[in-house]
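The values are calculated or read from the model by the stated rules, or taken from the named source; none is laboratory data. Note that the structure is predicted; figures quoted are calculated from it, not measured. FYI the Cβ positions are ideal-geometry reconstructions off the backbone, even for glycines, and counts take in every protein chain you see. Accessible surface areas use protein heavy atoms only, side chains included; no ligands, DNA or RNA. Shrake-Rupley method; radii C 1.70, N 1.55, O 1.52, S 1.80 Å.
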Amino acid sequence: MKKKLTIGILAHVDAGKTTLSEALLYISGKIRTLGRVDHRNTYLDTNAVERERGITIFSKQARFSTENCDFILLDTPGHVDFSAETERTLALLDYAVLLISAPDGIQNHTRTLWQLLEYYDVPTFIFVNKNDIAVKSKEDIEADILKTLSRSCVAFFESDTKAERDERLAYVSEDFMESFLAGEIIEEGDIAEMVSRRRLFPCVFGSALKTEGIEHLLAVIDRFTLAPEYDGQVFGAKVYKIARAGNTRLTYMKITGGKLSARDELTYVTEDGKKLCEKAGQLRLYSGEKFEQVETAFAGEICAVSGLSATYVGQGFGFESDTCKPVLEPVLSYRIILPPECDLSLYFPKLKELEEEEPSLHLYWNAELSQIEARLMGDIQIDLLKRMISERFAIECEFDTGKILYKEKIAGKALGVGHFEPLQHYAEVQLLMEPQPKGTGLIFDTHLPENTLDINWQRLILSHLYEKTHRGTLIGAALTDTKITLVAGKAHLKHTEGGDFREATLRAVRQGLMKAGCVLLEPYYKFRMEIPSAFVGRAMTDLQNRSAVFEIEDSDGDVAVISGRAPVSELHDYTRELISYTRGQGRLFCTSDGYDPCHNSEEIVASVGYDPEADLENTPHSVFCAHGAGFVVLWNEVDKYKHLEADVEVSESAQTIIPKVSGLARRYQISDKEVEAIMLRTFGPEKRKRFTEPKRVTAPKAEKPKVRKPSLPKKKMYIVDGYNVIHSWDSLRDVAKRDLEKSREILMDTLSNYVAFTKTELVLVFDAYLVKYGEGSETLKDGYKVIFTKENQTADAYIEKMMSALGPNYNITVVTGDRLVQYSAVHSGILRMTAKEFEDEITAVGNEITEFVRRLSQRS
């Protein structure tokens, strides 16, 4: 039985990757004629931008076969701007072919790809291309590969005898050495096993353009690979690409277990947390632009599935978990400038469709500046995005000059305290915040016993930490490389609601950052510069002025090679200058190299002018309660008022941020501005006009008053907080103490009579905190809805969301005793009613029903 393998070709730009793909397809008999990049007729580069620029932008697949293998070939982009596209395919590969250009040698991007292959644990073959025009010999190139990549790289020359090959293999493994010294032939199965475990990396030399060494490369892959093992019973799949063919949305996935058939139901959770169940439509097996439609795709197959409306790149189906975010990330942000007649709020959701298909185009709505921003890697992505917007939406857009995406990390260890206690609300959270090594990102953890704070509250706190993009205190940049651990927390049995912990948690994060201070981080490039030797002095001077750290790798002959590391802010626009003063003979290759402390942080902080205390969306101050009223305590005074003492060691050497005089002048009370900011942040902008006394307008005598068309009466709706009512009504509270389910049934029966008699639309909401492992449900009972929220979703949050979603055609009355929800109702112009008032109304309606029944009985 043939092996079925998914292989990918990876390389730095212009190494000949697409040419190698063409050669493999030609030698295997898949295509009859060789396409060429410069002729714009290759089998896989079909996009207009790809053919114009002569580079690969989108990963695509082709299918071909050899004697022992059926291959699915994934051709990936080589340009650094599209590194994320390459990285997404790595999780699908059974084996990879890393391409090295013999004249160019091992580039910085080649090293990055090697590290990614190691990170994703992909067995790798190496093909040294353009060997026909290389200056160095094969042996010298092999020595460079051994020195730079791995000592386990072994040349498999086409002219080798088995003895010569085994002699080189003997240096890789002790077992191989023993077999070689004993005069035994090293078995091909043992070699394949070593390759699959990334203990051996076969190297093949040749020229893809002249198809030299291609048959040998296929033979090496054919003989020294193992068939991957899959679970044939349990279904699993990984999504790696979203595309559109006309109006058809296609989800590209690799089946990693079981099988998938057309019309099978797939249940999954969308990125925004919604649970969907949809049927798979067509199953397409693509090769280039053509596809074959099949009824069933088995494990190991890559197929495009129609009929799935909300899948996303990196999603896992079945037993597969979601793929982590790419290691490589954009470092530049550009403002997208649309024509004046285009409404940004309407076009932003449309532009997000492009991000769905090409996730490396990170699009964001900047609410502060009311503009659309794209976070990209470089100029080629800008050209691609312009083209995609023009073709899809028929509008021409422009981009500004771009700005650097800075980040911040906490400067030292600190304990952040957040307290939120307006009248009849309560929550306190204490978070231990610690700096982490470069590239760690944000880590959230809890170190708190359940008997100290209920596990549901702990989960809620962690969910609030995850959902927020935390900002630093220097320029308001995104926070990274910080560990945040929940070490103390307190709730009130009666007054604590879900929203209280959100406020306390976010205030604790900000207070910890204010106490410890932040370090400004900026992105760095690793670079390799090739210039004529006559310009080395100029280049070194420029690099020193641009805060680069570098060394001269090679200065023999007419060309010098300089490699090093420099801030992106200093180097991202240097290519044009280099080409200018070297008269087109210089080349600069840059690769992202993570974030490090900013070289001119004081200058950047001063230019931004960010005031962390004036940022009402991210306030560090807490709210306490005394004498029946809430008051604000400034961040540097919160520790004196906090209610809990966490037993943790905090560094005293942390750099603190001294509040400005304007901040110290505030009094310990809630200002109208902060109250409005809390309400706006929690419930969104006001959607309805508040009631105002109508003005008396007298029409001029000469004119007849205008006759207005009668408006349709608004529908009346009640939204009832179920558990709040149960615990507020004396009759139901006593029942709930004995049997909570019985109390729910009594309430629902009571509301059934009320709805039937008054013809009022009604929604009854119960939250999941009292329904263990609740998955959420919505049922219709006697003409009204009964909703049980999901686990960890409070009724308050659901009601707030529902109030926001309903349009102005409803007269809504919210029945609850929760003050925060009542405040939300007032803010939105919605009527609110306490549980006691609702009980009185229910009683009055009950009396009317009794009287009505009595009259009916008298008539009969």
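Every residue in region 467-487 that is modelled with pLDDT of 90 or more and either part of a loop (DSSP other than H, G, I, E, B) or open to solvent by less than 10 Å² (accessible area, probe 1.4 Å) (or both), please. Quick ask: steps written out before the conclusion?
Here is the first cut: in region 467-487, the residues modelled with pLDDT of 90 or more are 470-487.
HIS470, GLY472, THR473, LEU474, ILE475, GLY476, ALA477, THR480, ASP481, THR482, ILE484, LEU486, listed by residue number.
Of the residues making up region 578-607, those that are open to solvent by 60 Å² or more (accessible area, probe 1.4 Å) and not hydrophobic (A, V, I, L, M, F, W, C) number 9.
Checking each residue in region 159-171 for being part of a loop (DSSP other than H, G, I, E, B) and farther than 12 Å from CYS203 by Cβ picks out SER159, THR161, ALA170, TYR171. Checked against (1) at pLDDT 70 or above; (2) open to solvent by 40 Å² or more (accessible area, probe 1.4 Å); (3) over 25 Å from LYS409 (Cα atoms), PHE624 meets all criteria but (2). Scanning region 794-850 for residues that are outside any helix (DSSP H, G or I), at pLDDT below 65 and crowded, with 19+ Cβ neighbours inside 10 Å yields a single hit, SER828.
Can we say ARG502 is assigned to a helix (DSSP H, G or I) and buried (at least 22 other Cβ atoms within 10 Å of the Cβ)?
Details: assigned to a helix (DSSP H, G or I): yes; buried (at least 22 other Cβ atoms within 10 Å of the Cβ): yes.
Here the answer is yes, as ARG502 does meet what is asked.
Quick check on my filter: what residues within region 554-577 are open to solvent by 30 Å² or more (accessible area, probe 1.4 Å), closer than 20 Å to GLN544 by Cβ and without any contact (Cβ under 8 Å) to a residue 40 or more places away in the chain? Of everything in region 554-577, those that are open to solvent by 30 Å² or more (accessible area, probe 1.4 Å), closer than 20 Å to GLN544 by Cβ and without any contact (Cβ under 8 Å) to a residue 40 or more places away in the chain turn out to be ASP554, SER555, GLU570, ASP573, THR575, ARG576, GLU577.
Can you find a residue that is closer than 25 Å to ARG223 by Cβ and hydroxyl-bearing (Ser, Thr, Tyr) anywhere in region 95-118?
Residues of region 95-118 closer than 25 Å to ARG223 by Cβ: 95-100, 102, 113-114, 117-118.
With hydroxyl-bearing (Ser, Thr, Tyr) added as a condition, the list becomes 95.
Looking for residues that are closer than 25 Å to ARG223 by Cβ and hydroxyl-bearing (Ser, Thr, Tyr), one finds at least one in region 95-118, hence yes.
From the list ASP454, ASP445, pick out the single residue that is touching a Ser or Thr at 6+ places or on another chain (Cβ under 6 Å) and either without any contact (Cβ under 8 Å) to a residue 40 or more places away in the chain or open to solvent by 40 Å² or more (accessible area, probe 1.4 Å) (or both). Give the steps one after another, and end with the answer.
Numbers: ASP454 fails: touching a Ser or Thr at 6+ places or on another chain (Cβ under 6 Å).
The unique qualifying residue is ASP445.
Could you go through region 204-219 and let me know if any residue there is small (Gly, Ala, Ser), in contact with a Lys or Arg (Cβ under 7 Å, 6 or more places away or on another chain), at pLDDT 90 or above and surrounded by 20 or more Cβ atoms within 10 Å (Cβ to Cβ). Taking every residue of region 204-219 in turn, at least one turns out to be small (Gly, Ala, Ser), in contact with a Lys or Arg (Cβ under 7 Å, 6 or more places away or on another chain), at pLDDT 90 or above and surrounded by 20 or more Cβ atoms within 10 Å (Cβ to Cβ). Considering region 243-272, the residues that are β-branched (Val, Ile, Thr) and in contact (Cβ under 8 Å) with a residue 60 or more places away in the chain include one that is surrounded by the fewest Cβ atoms within 10 Å (Cβ to Cβ), namely THR256. Report yes if ILE389 is over 25 Å from PRO523 (Cβ atoms) and either in contact with a Pro (Cβ under 9 Å, 6 or more places away or on another chain) or part of a loop (DSSP other than H, G, I, E, B) (or both), otherwise no. The answer is no for ILE389.
The condition of being touching a Phe, Trp or Tyr at 6+ places or on another chain (Cβ under 9 Å), at pLDDT 90 or above and surrounded by fewer than 19 Cβ atoms within 10 Å (Cβ to Cβ) holds for ALA170. Which of the residues spanning region 421-432 are open to solvent by 10 Å² or more (accessible area, probe 1.4 Å) and over 30 Å from the mean Cα position of the chain (by Cα)? Passing the criteria: GLU421, PRO422, LEU423, GLN424, TYR426.
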